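Every number in this text was worked out from the coordinates using simple rules, so none of it is lab data. Remember, it's a predicted structure, so these values are computed and weren't measured experimentally. Ideal geometry is used to build each Cβ from the backbone, glycine not excepted, and the neighbour counts take in all protein chains shown.
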């Protein structure tokens with residue numbers, strides 16, 4: 001009897017491994033946790049795409065749960081994401097701050113003019129310094145920042161309607 | 001077998017064969033430089049020590065975007081940014097540990113090719129050792145079982161040999177007595 005049971009070990013192993021591999025299929029190896037979750041938004045002083053003389057600091061993120069969206073005109077998927085951001089801004093009233101990452105002012109202005117501007121304003125991070133402090137590794141990226149200016153969530157990739165409804169909106173509500 | 005077969009078919013013979021072999025080799029070698037391509041930034045280092053430290057850091061830091069390359073190997077813009085940062089921090093007098101901390105603070109442990117030993121990575125670090133130990137244990141148990149079995153077999157052997165001898169003896173007594181057996 002005992003010997004018989006031993007014969008089933010390979011089958012059991014097969015199912016255990018199969019389960020893990022199957023789960024592994026759903027994991028995105030590119031998804032990596034932000035090191036800044038639960039930490040204050042990095043400090044910065046930047047002007048905006050539309051106003052060269054502006055002096056915006058991280059203070060602006062305090063008081064309301066907001067989104068910070070990293071975008072650039074060279075980023076193809078940002079173009080894909082843009083209409084959803086416009087919709088979110090219009091329909092939910094959640095403030096979205098843009099972070100124009102390593103871009104050109106002229107191109108960025110044209111983009112905002114052509115595709116509409118869902119942002120309160122877009123910080124002009126031409127040398128990518130704030131992007132680096134945030135640990136940005138590819139646009140588009142979207143951060144949820146709570147009322148105290150603490151980063152609560154980071155989403156890498158294109159936000160579409162489904163991702164907004166299922167992933168980001170619940171997270172925003174949690175901190176509101 | 002499958003590999004040997006086409007080789008035999010196209011075995012170079014005479015001058016044309018040699019020509020094609022040479023052409024093929026030439027083609028292969030011409031492809032090599034693209035494999036050996038590396039990122040050579042036009043960085044200036046104030047001394048040789050800084051250059052060595054830069055090489056070391058760029059080797060152990062992982063590109064967040066491409067993941068299977070370190071930042072010295074990767075052509076991704078983010079890897080180039082990180083190389084610039086490493087270069088800048090080195091010249092601002094940061095030591096290696098501070099530079100690594102700077103990167104980890106922004107990109108997480110992920111940016112290190114060698115993950116640190118902590119609660120999350122115990123399995124990663126010690127898992128293989130545990131697996132090897134389990135394997136050894138299984139081997140030891142198997143060997144021991146086999147030995148016991150062999151001993152048991154031997155014991156059985158001597159017993160059955162005795163019995164066999166007895167039976168044979170009886171048989172010879174019987175057959176020589178009555179000659180009933182056919183053989």
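Summary of values
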item: 20 °C / 1.002 mPa s Stokes-Einstein diffusion coefficient of the protein assembly as shown, Kirkwood radius on C-alpha pairs, µm²/s; result: 79 µm²/s
item: Largest-first ellipsoid semi-axes for the stretch B:117-169, taking √(5λ) over the Cα gyration tensor eigenvalues, angstrom; result: 50, 5, 5
item: Angle in degrees between helix A:9-26 and the longest Cα principal axis of chain A, rounded to the nearest 10; result: 10 degrees
item: The protein assembly as shown: calculated mean residue ellipticity at 222 nm from DSSP helix runs of at least 4, using -39500 (n - 2.57); result: -17500 deg cm²/dmol
item: FRET efficiency for residue B:129 and residue B:95, using Cβ-Cβ distance with R0 set to 30 Å, rounded to 0.05; result: 0.40
item: Folded to 0 to 90 degrees: helix A:105-115 orientation relative to chain A principal axis, Cα; result: 80 degrees
item: Rg(Cα)/(2.2 N^0.38 Å) for the stretch A:49-127, N = residue count; result: 1.04
item: Per-peptide average of other Cβ atoms within 10 Å, ordering A:48-61, A:5-18 highest first; result: A:48-61, A:5-18
item: Normalised per residue, the volume of the convex hull around the Cα set of the stretch B:48-111 (Å³); result: 72 Å³
item: Å³ per residue enclosed by the Cα convex hull of the stretch A:36-175; result: 94 Å³
item: Gap separating the Cα centres of the stretch A:102-166 and the stretch A:1-64, nearest whole Å; result: 18 Å
item: Beta bridges per DSSP with both ends in the stretch A:22-176, % antiparallel, nearest 5; result: 60 percent
item: Contour excess over end-to-end distance, with Cα ends at residue B:170 and residue B:19 and 0.36 nm allotted per residue; result: 45.9 nm
item: Hypothetical label at residue A:115: residues of the stretch A:64-95 whose amide nitrogen lies under 11 Å (7 Å Cα-Cβ projection); result: A:71-86
item: Where a label projected 7 Å from the Cα of residue A:175 along Cα→Cβ would reach, residues of the stretch B:94-132 with amide N under 18 Å; result: B:106-108
item: Label zone at residue A:129, where the point sits 7 Å out along the Cα-to-Cβ direction: the stretch B:67-88 residues whose backbone N lies under 15 Å; result: B:85, B:88
